[in-house]
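Peer 1: Please read through the structure below; I'll follow up with questions.
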Amino acid sequence: MLTEFRNEPFTDFHKKENEDAMKAAIEKVRACFGKSYPLLIGGKEISTGDEMISTNPGNPKEVIGKFSKASVKEADLALEEASKAFAKWRLVAPHERARFLFKAAAIMRARKHELSALICLEIGKNWAEADGDTAEAIDFCEFYGREMIRLSQPQPLTAYSGEENELSYIPLGVGLVVPPWNFPLAILVGMVTASIVSGNTVLVKPSSETPMIAYTFCKIMEECGLPPGVLNFVPGPGSSVGDHLVGHPKTRFIAFTGSKEVGLRINELAAKAQPGQLWIKRVVAEMGGKDSIVVDKDADLESAADGIVAAAFGFQGQKCSACSRAIIHQDVYDEVLKRVKEKTEKLKVGPCDQRDVNMGPVASKSAYESILEYIEVGKKEGKVAAGGGPVEGNNGGFFIMPTVIADVDPMARISQEEIFGPVLAVIKAKDWTNALDIANNTEFGLTGAVYSKNREHIEQARRDFHVGNLYLNRKCTGALVGVHPFGGFNMSGTDSKAGGKDYLLLFMQGKSVSEKF
Ligand code: NAP
């Protein structure tokens, strides 16, 4: 019997056996670095000769792997293979499809540290963050498998005499999955497994920063016995192969997670019907954030400072849910700022093959340059209270100090634009109402948090703090599958609520059948 869904527990790396296992996993994955990897299309490996190179952002000389890039020709082939596979896969019973996900979860659980080690080295997560990413990927498999079984049961309808009526959910067709690099396993696994368990077939175009992790997952699905063509691996630049696949008339849906700019472009391209296209493409687009933690005057200040620092600098601030603005009531502003500064200055920055690192490198050279530019902007828009530049002497890795910029105007650039790095803007609010107004003053609406002991204020935040994921008296990062369905408002996306009970419906269409007797 299938047990009830439970979140995968996190690993305690302070335990010697876990620390040793993780060190061994890092050595194991490192020993395989530098190889070439093909595309995976219709169950076949295809090398194109045109490769992109994935490197370790903590040591860019270390090559993780070389990946064949798909051109338009291979992208078209993948669409054809996925279309062929769809004809059979859509008829596979939902229970059977779910079992592929349960099997994948079991394999990932058994190879947990190996997957986390890849995440540490390919994108620079520290051990705990990488372990969380892997655990979330396992959760998605377990959760969506169960959800598909639930949704395959007869749906309740109003009785009507003389007729037998039925509503069932059927798949959409061939989808394109476009994940970001910042949850290189979890988000990719979430969007892929939701698509295929619902009966669709997919092409996954991984982020060019993290093809190794994506490839490893596709091989795990192959090991599960997934039929050829159901999941196709087509890495390549978003701007060429991505655009082509989004615009293609055979693409039925696009599941995207990434920046606002790319999300809007995909939405626009997908909206234009192409000759021969039979459907309106469905777009699930989860995009950026500019997330705030509000501290009220009567809050538990220590807990607020802990929450701000954890949410601002976890994975170097490169989470869509990261706290990039602390909005603090003027009565407690100096005290909270002091505590945030002290805690920030204690964070250790370093390479992620070591256990006790709080922050690793940022994802890439372009991210590094863009974040440092924002820090320079921030120096003009406020006062640097902690950090303020790169970490020197680090093997050429992209390390940046956790940076706190105080006294920032609510409309300043660093208060409005998504920086996606370890930069926190601290803003003084005149009172509670002003704090809530500031919290709602961006174009985004993804996550937010309030620290307060005032019941009236907490209730008002529930109503008026306009974000998809609101947290009260806790930090604004760390959503768990099944516990905190995730997705944002406004320019943060289509509010798909990944990890929630409505999510799979985005990948299906309801068919109503009525037979008169
Ligand atoms: P990105 O630059 O938008 O890229 C996301 C994906 O889109 C990558 O696979 C990228 O491929 C691809 N892409 C780029 N141009 C494309 C095009 N024209 N057509 C199709 N695909 C295209 O975002 P990112 O830097 O990877 O991730 C960071 C962003 O994701 C942040 O804004 C963050 O807030 C957001 N995010 C949101 C959520 C959420 O749930 N709301 C969760 C995580 C991250 P290439 O790598 O080849 O360019």
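The values are calculated or read from the model by the stated rules, or taken from the named source; none is laboratory data. Quick caveat: nothing in here was measured; it's all calculated off a predicted structure. Backbone-built Cβ (ideal geometry, glycine too); neighbour counts: all protein chains shown. Accessible surface is based on the protein model in full, side chains and every heavy atom, while ligands, DNA and RNA are left aside. Shrake-Rupley method; radii C 1.70, N 1.55, O 1.52, S 1.80 Å.
Peer 1: Nearest 5 is fine: what % of DSSP beta bridges in the chain come out antiparallel, could you say?
Peer 2: Bridges in the chain that DSSP calls antiparallel: roughly 40 percent.
Peer 1: Under a 5 Å amide H to amide H cut-off, with H placed in plane at 1.01 Å, what residues pair with Tyr169 once short-range neighbours are removed?
Peer 2: Placed amide hydrogens put Lys511 under 5 Å from Tyr169.
Peer 1: Also, quick follow-up: Lysines within cross-link reach of Lys338: Cα-Cα under 25 Å, excluding same-chain residues under 8 positions apart?
Peer 2: Lys290, Lys297, Lys319, Lys346, Lys348, Lys379, Lys380, Lys383, Lys428, Lys430, Lys453, Lys475
Peer 1: Here is a follow-up. Quick one: 3J(HN,Hα) in Hz for the stretch 467-480, Karplus 6.51/-1.76/1.60 with θ = phi - 60°, rounded, Gly and Pro as x.
Peer 2: Listing the rounded values in order: 9, x, 10, 10, 10, 10, 6, 7, 5, 9, 10, x, 5, 10 Hz.
Peer 1: Taking the alpha-carbon distance from Lys73 and a cut-off under 14 Å, which aspartates and glutamates remain once sequence neighbours fewer than 8 residues away in the same chain are dropped?
Peer 2: List returned: Asp50, Glu81, Asp243.
Peer 1: Something else about it: Please flag any cysteine in the chain that has no other cysteine's Cβ under 4.7 angstrom from its own Cβ.
Peer 2: Cys32, Cys141, Cys218, Cys224, Cys320, Cys323, Cys476
Peer 1: Can you pull the percent of the chain's accessible area that's carbon plus sulfur, 1.4 Å probe, other chains left in place?
Peer 2: Of all accessible area on the chain, carbon and sulfur atoms account for 53 percent.
Peer 1: If you average the alpha carbon positions of the stretch 325-369 and of the stretch 266-282, how far apart do those two centres end up, in angstrom?
Peer 2: 42
Peer 1: Could you put Thr48, Thr3 in order of accessible surface area, largest first, with the 1.4 Å probe and the full protein assembly present?
Peer 2: So, going from the largest accessible area down, we get Thr3, Thr48.
Peer 1: How big is Rg to Rh over the stretch 291-480, alpha-carbon atoms, Rh as the Kirkwood inverse-mean-distance radius?
Peer 2: Here the Rg-to-Rh quotient is 0.96.
Peer 1: Tell me which trypsin sites (Lys or Arg not before Pro) from the stretch 419-517 have a DSSP coil assignment and no more than 12 other beta carbons within 10 Å of their own.
Peer 2: Lys430, Lys453
Peer 1: If you roll a 1.4 Å probe over the heavy atoms of the protein chains, what accessible area per residue do you get for the stretch 291-480, in Å²?
Peer 2: 39
Peer 1: Can I ask one more? Semi-axes of the stretch 408-498's equivalent ellipsoid from the Cα gyration tensor, sqrt of 5 times each eigenvalue, largest first, rounded to whole Å?
Peer 2: After diagonalising the Cα gyration tensor, the semi-axes are 20, 18, 12 Å.
Peer 1: Principal axis lengths of the stretch 253-323 from Cα atoms, whole Å, largest first?
Peer 2: 60, 24, 15
Peer 1: Please report, to two decimal places, log10 I(q)/I(0) for the stretch 373-415 at q = 0.15, 0.26 Å⁻¹ as given by the Debye formula with identical point scatterers on the Cα atoms and no solvent.
Peer 2: Here the Debye-derived log intensity ratios amount to -0.38, -0.85.
Peer 1: May I pose another question? Residue-wise, which Karplus ³J(HN,Hα) couplings in Hz belong to the stretch 438-455, taking 6.51 cos²θ - 1.76 cosθ + 1.60, θ = phi - 60°, and x for glycine or proline?
Peer 2: 5, 4, 9, 9, 10, 7, 8, x, 8, 10, x, 9, 10, 10, 7, 10, 8, 4
Peer 1: For the stretch 291-480, give me the percentage of DSSP beta bridges that are antiparallel, rounded to the nearest 5 percent.
Peer 2: 15
Peer 1: Charges at C-beta only: +1 for Lys and Arg, -1 for Asp and Glu. How large is the resulting dipole of the chain about its Cα centre, in Debye rounded to 20?
Peer 2: Its charge dipole is roughly 860 debye.
Peer 1: If the cut-off is a Cα-Cα distance under 18 Å, which lysines reach Lys112, setting aside same-chain residues fewer than 8 apart in sequence?
Peer 2: Here the lysines satisfying the reach criterion relative to Lys112 are Lys15, Lys16, Lys23, Lys28, Lys103, Lys125, Lys219.
Peer 1: Can you put Phe140, Phe486 in order of accessible area, largest first, using a 1.4 Å probe?
Peer 2: Reading off the accessible areas and sorting them downward yields Phe486, Phe140.
Peer 1: Binning at 5 Å from 0, report for the stretch 396-437 what percent of all alpha-carbon pair distances ends up in each bin.
Peer 2: The distribution over the stretch 396-437 is 5, 20, 24, 22, 13, 8, 4, 2, 1, 0, given as percents.
Peer 1: Taking amide H positions as placed 1.01 Å from N in the peptide plane, with prolines and chain starts having none, which residues 5 or more places from Ala385, or on another chain, fall under 5 Å of its amide H?
Peer 2: Close amide H contacts, sequence-distant or interchain: Val404, Ile405, Ala406.
Peer 1: With a 1.4 Å probe and all protein chains kept in place, how do Tyr333, Tyr169, Tyr160, Tyr374 rank by accessible area, largest first?
Peer 2: Ranked from most to least accessible, the order is Tyr160, Tyr169, Tyr374, Tyr333.
Peer 1: Collect residues whose amide H, placed 1.01 Å from N in the peptide plane, falls under 5 Å from the amide H of Asp291; neighbours closer than 5 in sequence don't count.
Peer 2: Correct list: Ser324, Arg325.
Peer 1: Another question, if that's okay. On C-alpha positions alone, give me the angle between the axis of helix 186-197 and the longest principal axis of the chain, in degrees, nearest 10.
Peer 2: In the chain, helix 186-197 runs at an angle near 20 degrees to the longest axis.
Peer 1: Now for a separate question. Over the chain, consider all pairs of different Cα atoms and compute the Kirkwood hydrodynamic radius from their mean reciprocal separation; express it in Å, one decimal.
Peer 2: 23.6
Peer 1: If you don't mind, another one. Longest exposed-loop-site-free stretch of the chain, with GluC sites (Glu not before Pro), DSSP loop and at most 13 other Cβ within 10 Å?
Peer 2: Segment 5-391 is the longest.
Peer 1: Same structure again: Modelled label-to-label distance, Asp464 and Glu51, 7 Å Cα→beta-carbon offset: nm?
Peer 2: According to this spin-label approximation, the distance is 5.8 nm.
Peer 1: Pairing the Cα long axis of helix 94-110 with the longest principal axis of the chain, what angle in degrees results, from 0 to 90 and rounded to the nearest 10?
Peer 2: The helix 94-110 is inclined about 40 degrees to the chain.
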